[in-house]
Amino acid sequence: MLKYVIKRLLWMPLVLLLVVTLVFFLTHMVPGSAIRVLLGPHVGEAQLQKATAEYGLDKPLLTQYFIYMGHLLRGDLGRSIVTRRPVATELATYLPATLELTFFSLVLIVVVGVVLGVVAAVHRNSPLDILARGVAVGGVALPQFWLGLMFILLFSYYLRWFPMGGRMEMTIAPPTRLTGMYVFDSLFTGNWAALLDALHHLALPVLVMALTNLSTTTAMVRSSMLRTLNEDFTLMAKAYGHRPFRVHYIYALKNSLISAVSVIGLTTGYLLGGDVLVETVFDWPGIGLYAARSILHVDYAPVIGVALVIAAVYAVVNLITDLLYGALDPRIRY
Amino acid sequence: MNNETPVGAQPLLEVEDLRTYFFTYLGIVRAVDGISFSLRRSDTVGLVGETGCGKSVATRSILRLVPPPGRIVSGRVVFDGRDVLAMTEREVRDDVRGRGIAMVFQKPMSSLNPVFSVGQQFTSVLRLHHHVKRDQARAMAIENLAAVALPAPTEILRMYPHELSGGMQQRVLIAMALGCRAKLLVADEPTTALDVSVQLQILKLLEEVRRRTAMAILVISHNLGVVSNLCDRVIVMYAGTVVEDGPVQDIVTNPHHPYTQGLIDAVPDFAPRGSALGTLKGEVPSLLLTPDGCRFHPRCRLADEVCQRERPSMASTSADRSIACHHPAEAVSSRSRRPSREQRESP
Amino acid sequence: MERHDGPRRDSLWRRVLYIVRRSPLAIVGIALILLIAVMAIFAPWIAPYDAVRVNLSQAFQPPSASHICGTDDMGQDIFSRIVYGSRVSLMVAFVVVGIAATVGTLIGLISGFFGGVVDMVIMRVVDAFLAVPSFVLAMISAAALGPSIVNVMLALSIVWWTWHARIVRGEVLKLRGTEFMVSLRSMGARTPRILFRHLLPNCVGPIAVQTTLQLGFAVLTAAGLSFLGLGAQPPTPEWGLMVSVGRQYLPASWWMITFPGLMIFLLVMGFILLGDTIRDVVSRDIQ
C-alpha cells in the first residue's frame with residue numbers, strides 16, 4: 001500500500017515534466033508575437049527588440065526551454081507580461097476559487113449521478129430510465145458557456161434570484177483567508193453572512209458545471225448497476241427472500257458506489273477543462289478566467305503555469321480516487 | 001435405496017404443465033414448455049439434461065425468479081400445499097424463497113456479493129427468516145458453517161468471498177441453505193464449476209445433508225453420474241420438456257426413452273466394459289427453433305411419421321415410471337447390446 | 001403449443017431496426033442529424049437572407065415574421081446565419097475527427113502491434129496529452145496558432161488523436177495474445193497485412209462509436225473556442241461566435257444568444273444519441 005503510494009508520488013513529477021514540455025512547445029510552435037500584441041502597433045523596432053530581449057524571447061527555442069525549466073526547478077514560474085507579477089503568486093491567488101467551484105460541482109455530480117444511474121438501471125427501459133439518461137446525455141450536449149448565459153438571463157436578469165457573477169458582493173467583506181475557499185473560510189470563522197453570500201454566488205456556476213458533466217457518472221453507475229443486477233449474487237439474494245428494495249438499493253448500491261468513485265478522477269478532468277468557459281461566463285476569479293485573459297494577451301507564462309497546476313490537481317485527485325477505490329473494494333489491495 | 005415415504009402423502013412440490021417463455025428480439029424461446037413432475041418430502045431427485053434444456057429456468061420458475069424478457073406463461077406450481085404462482089410477491093418472499101426452498105447455484109464464486117463479508121451476507125439471511133438478533137444470527141451462522149465442515153467458522157464470517165476457494169464458497173452456500181431450515185434444497189449444477197477433487201467433497205457433503213436432515217433435495221445436473229450417486233429418482237429433460245421420470249437404478253440400467261439411452265451410453269461409468277462409448281448424434285436444438293411433434297425426433301433412431309407430427313405426452317409404464325415417447329416398447333427391446341438389469345445389479 | 005412467429009436470423013439491419021424501435025432516443029438522434037445535414041446541404045435555398053450582409057438599419061430586430069430568429073448588431077438575419085453556420089460546424093466536426101481518427105488509429109495500431117520502446121515512447125506522449133484536460137490543450141494550441149476556424153480544426157486534431165490511439169492500442173493488445181494472431185503469424189502473414197486486413201476490422205466497432213461521439217464534442221469544443229475569441233472571426237456565421245457577440249448585448253437582445261446556442265445543443269445531442277445507438281447495435285448483449 002505504502003509502496004504503491006510512493007510509486008505514484010514519484011511518477012507524478014515525471015508526468016508534470018512531460019506536461020510542461022508539451023505545453024511549452026505547443027505555445028511556442030508558432031513564433032509568438034506576444035511582445036507586439038502587448039506593446040501595441042505603434043512602437044518602434046528598437047523598443048520592440050529591447051522588450052523582446054528583456055523577456056528572453058530572442059533566444060533559440062531550446063535555450064528558452066532550458067532556461068524555463070531551470071527556473072521551474074527553483075519554483076519560479078516566470079512573470080506575466082501583462083501584470084508583471086510572478087505567475088506563482090497569481091496562481092496562488094486564483095487557485096482556491098477554482099478548487100471551490102470544482103469541489104462543490106463534484107459533490108453535486110456524485111450525489112445526483114448515483115441517484116439517476118441507480119434509478120435508471122433498476123427501472124431499465126422504463127420512461128424513468130429514458131428520462132434519467134436523457135438528462136445525463138442532454139447535459140453533456142449543452143454548451144457550458146451558453147447554458148451559463150441562459151441561466152444568468154433567466155435567474156439573474158429576469159427572476160433576480162441569483163447574482164450575475166463573481167464570488168461575493170462588494171458590500172460583504174470576504175472571510176479571513178485560511179484556505180482561500182470562501183465557503184470553508186466563512187464556515188470555520190463563523191462568518192454566516194459571508195457563507196450565505198458565497199453559496200449564493202456558487203449556485204449557478206456549480207449548477208452549470210454539474211449539469212454538463214453528469215453523464216459520465218450516471219452512465220457508469222447505470223451500467224455497473226445493470227451488471228450487478230445480472231450477477232448471480234443478486235439472484236441469490238432474491239432467492240433467499242430479500243426484498244427487491246433491499247437487494248437493489250442496499251446490496252447492489254454498494255457495488256455501484258464503488259464504480260462511481262472510479263470515475264471521479266475522469267469527471268474532475270472534465271470539470272477542470274470546462275472551468276475556463278464557466279469562469280469566463282460567471283466572471284469567477286479562478287485560474288480558468290486567468291488563463292483565458294492571459295491567452296488573449298498572448299501571455300504564455302501564466303498559461304503554462306495554469307496547465308501545470310491543472311495537471312497537478314488532476315493527478316492528485318486521481319491518486320486520491322484510486323486509493324479510495326482500493327479502500328472501498330475488498331478485492332483490490334495495492 | 002429407501003423409498004419409504006408413505007404412499008398418498010401430499011407431495012412437497014408439484015409442478016404441472018409449467019411453461020416459461022423468453023420473448024427475445026429473435027423470437028420466442030420456449031425454455032420450459034409444459035413440464036410436470038412432483039417431489040415428496042425427503043425425496044432426493046435429480047433433474048438431468050444437456051446444457052440449455054431448460055433445467056435452470058424450471059427451477060427459477062418455481063421460485064418465481066424468471067428474469068425478463070422471460071415470463072411464466074402457464075402452469076401450476078404447488079409447494080407445501082400452496083399455489084406459488086397465485087401467491088402475492090410478499091408471500092413468495094416470506095414463505096418460499098429461502099424459508100421454503102433454498103438455492104445453491106452453479107458458480108459459487110459469483111453467488112456471494114464480493115463487496116460484503118461472508119458474515120454480513122449470512123447473518124442478513126438468517127435475521128430475515130428467523131427474526132433473531134445480530135449476535136444470535138452470528139452464533140447460528142457459526143454453527144451452520146461448522147456443520148458443513150468448514151474450519152475456523154468465526155474467521156470465515158469476517159472474510160470476503162474472494163478470500164475463499166470455490167469449494168469453501170460452495171460450502172458456505174450450503175451452510176446458508178441449512179441455516180434457513182428450508183424444506184427443499186435446490187442445487188443447480190452444484191459441482192460443475194469446481195475442481196474434480198473438490199467436486200467429490202461437495203457431493204459427499206450433499207449426501208450427508210441428505211442423511212442427516214429431513215430436507216428434500218433437487219439436484220440439477222447435466223451429469224447423470226453425479227445424479228445417480230446422490231439421488232433416488234431422476235427426471236430427464238430434453239429441450240424444455242420432461243421425457244422420462246423414474247427411480248435412478250431402473251433408469252440407469254434400463255432406460256426407456258431413446259434420449260435417456262443416448263445419455264447413458266455417453267457416460268463411461270455406465271457403459272459395459274470394452275464397448276465403445278456412445279455419442280448422441282446431432283445437436284441440442286435451439287429452443288427458438290423447436291421441432292414439431294416429439295422434440296427429440298430429428299436425433300432419434302426410432303423416429304417415424306407420428307413422431308414428426310404429434311408431441312407424445314407422459315404416460316406411466318409402471319407404478320413409478322413414466323415416459324414421453326411414441327415407441328416405448330421398441331425403445332426397450334432395441335437395446336439388445338446393453339447388459340440386462342439383473343446382470344448390472346448383481347454384485 | 002404452436003408457434004406464433006418463427007425464429008429470425010440475426011443481422012445488422014435487424015439489430016438497427018430493433019434498437020431504433022425500442023429506443024425513442026435513437027430516433028431523436030437520427031432525426032436531429034438528418035435535419036441539420038439537410039440544413040447544411042440546402043443552405044442557399046433555406047436561408048431567406050444573405051448570412052453576412054450588413055444592414056445596420058435592421059440591427060437588433062427581435063424575432064418577427066420577416067426575421068424569425070431576429071437580427072444581430074450588424075442587422076444580419078440570425079436564422080440565415082444559423083442555417084449557414086450548420087455548414088461550419090459540420091465541416092469542423094468531420095475534418096477534426098477525420099484527421100484525429102486517421103492519425104490516432106495509425107499510431108494506435110503501430111503502438112499496440114510493435115510494443116516495446118515504440119509503444120513506450122508513444123504512450124508517454126499520450127500520457128502527457130491526457131494529463132491535461134483536452135479543452136485546455138486545445139485552447140493553448142488554438143491561441144498559439146492564431147485565431148481562425150482553420151486553426152481551430154488544426155488545434156483540435158493535434159489534441160484528439162490521442163483518444164483514438166489509446167482505444168485502438170487497447171483493442172490490438174486484447175487481440176495480440178489471442179490464438180487468432182498466433183495462427184496468422186504461423187501462416188506467415190506479413191505485418192502490414194496483419195495490421196490492416198485483420199486487426200483494423202476488429203477495431204471498427206469501438207472506433208465507430210468513439211468517432212460519432214467525438215463529432216459531437218468537436219462541435220462543442222470548437223464553439224467554446226470561438227466563444228473565447230480563439231476560433232472563428234466575424235463575420236463567419238459560427239454558432240459559438242454568435243453567442244459570444246450576443247453576450248455583449250444581454251439582456252436586451254436575448255435572441256442573439258438563444259438560437260445559436262440551441263443549435264449547438266441540438267447538433268451535439270444528435271451525435272451523442274447516434275453514437276449511443278451505434279454502441280447498442282455493435283454490442284453483443286442485445287436481448
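The numbers here are math on the coordinates, done by the rules we state, and not lab data. These figures come from a predicted structure and were not determined experimentally. Cβ: placed from backbone, ideal geometry, glycine included. Neighbour counts: every protein chain shown.
Legend: mean number of C-beta atoms from other chains within 10 angstrom of residue C-beta atoms, peptide B:66-75, equals 1. Here the contact order of chain B, divided by its residue count and restricted to Cα pairs under 8 Å and six or more residues apart, works out to 19 percent. Summary value for chain C: 24 percent relative contact order, contacts being C-alpha pairs under 8 angstrom separated by 6+ residues. Beyond 28 Å between alpha-carbons counts as too far, so tell me which of B:Lys133/B:Lys183; A:Lys254/B:Lys55; A:Lys238/C:Lys174; A:Lys7/C:Lys174 fall in that bin. The answer is A:Lys254/B:Lys55; A:Lys238/C:Lys174.
Taking the dipole about the Cα centre of the protein assembly as shown, with the C-beta of Lys and Arg at +1 and of Asp and Glu at -1, give me whichever of B:Val248, C:Thr277, A:Ser215 is farthest to the positive side. Ranked along the dipole, the leading option is B:Val248. Using the beta-carbon distance between C:Ala31 and C:Met187 and R0 = 41 Å, what value does 1/(1 + (r/R0)^6) give for FRET efficiency, to the nearest 0.05? According to the calculation, E is roughly 0.30. Multiplying the residue separation of B:Ala315 and B:Arg90 by 0.36 nm and removing their Cα-Cα distance gives an extension gain of 77.3 nm. In this simple spin-label approximation, B:Ala266 and C:Val38 carry label points 7 Å from Cα along the Cα→Cβ vector, and these lie 5.7 nm apart.
In whole Å and largest first, what semi-axes does the C-alpha gyration tensor of the protein assembly as shown yield when each eigenvalue is scaled by 5 and square-rooted?
Working: eigenvalues 877, 197, 157 Å².
Semi-axes (√(5λ), whole Å): 66, 31, 28.
Is chain C rounded, prolate or oblate when judged by the Cα gyration tensor, a ≥ b ≥ c being the square roots of its eigenvalues, rounded requiring a/c under 1.5 and prolate requiring a/b larger than b/c?
On the way: a/c = 3.15, a/b = 1.53, b/c = 2.06.
Oblate.
If you take all C-alpha pairs in chain A, what percent of them are over 27 Å apart? Taking all Cα-Cα pairs of chain A, the fraction more than 27 Å apart is 57 percent.
For the range A:11-17, 3J(HN,Hα) computed residue by residue from phi via the Karplus equation (6.51, -1.76, 1.60; θ = phi - 60°) reads 5, 4, x, 5, 4, 5, 4 Hz, glycine and proline entered as x. In this structure, A:Val5 and C:Arg22 have a Cβ-Cβ separation that, at R0 = 60 Å, corresponds to a calculated FRET efficiency of about 0.80. When chain C is treated as a GNM with alpha-carbon contacts under 10 Å, the residue of C:Leu184, C:Leu241, C:Leu215 showing the greatest mean-square fluctuation is C:Leu184.
Using a Förster distance of 41 Å, how high is the FRET efficiency between B:Asp17 and A:Arg246, based on the Cβ-Cβ distance and rounded to 0.05?
Working: r = 34 Å, r/R0 = 0.82.
Here the calculated transfer efficiency is 0.75.
Under the rule of -39500 (n - 2.57) per DSSP H run of 4 or more residues, summed and divided by the residues of the protein assembly as shown, what mean residue ellipticity at 222 nm is obtained, to the nearest 500 deg cm²/dmol? Using -39500 (n - 2.57) per qualifying helix, the result is -18000 deg cm²/dmol.
Can you tell which of B:Leu288, B:Leu230, B:Leu173 shows the greatest fluctuation in a Gaussian network model of chain B with Cα springs below 10 Å? In this elastic network of chain B, the residue with the biggest mean-square fluctuation among B:Leu288, B:Leu230, B:Leu173 is B:Leu288.
A cut-off of 5 Å between modelled amide H atoms, ignoring neighbours fewer than 5 places along the same chain, links B:Thr317 with B:Ser322, B:Ile323. Each label point was placed 7 Å from the Cα along the Cα-to-Cβ direction; for B:Leu65 and C:Thr178 their separation is 3.3 nm. Once the chain from A:Gln47 to A:Met170 is taken as fully extended at 0.36 nm per residue, the excess over their C-alpha distance is 40.3 nm.
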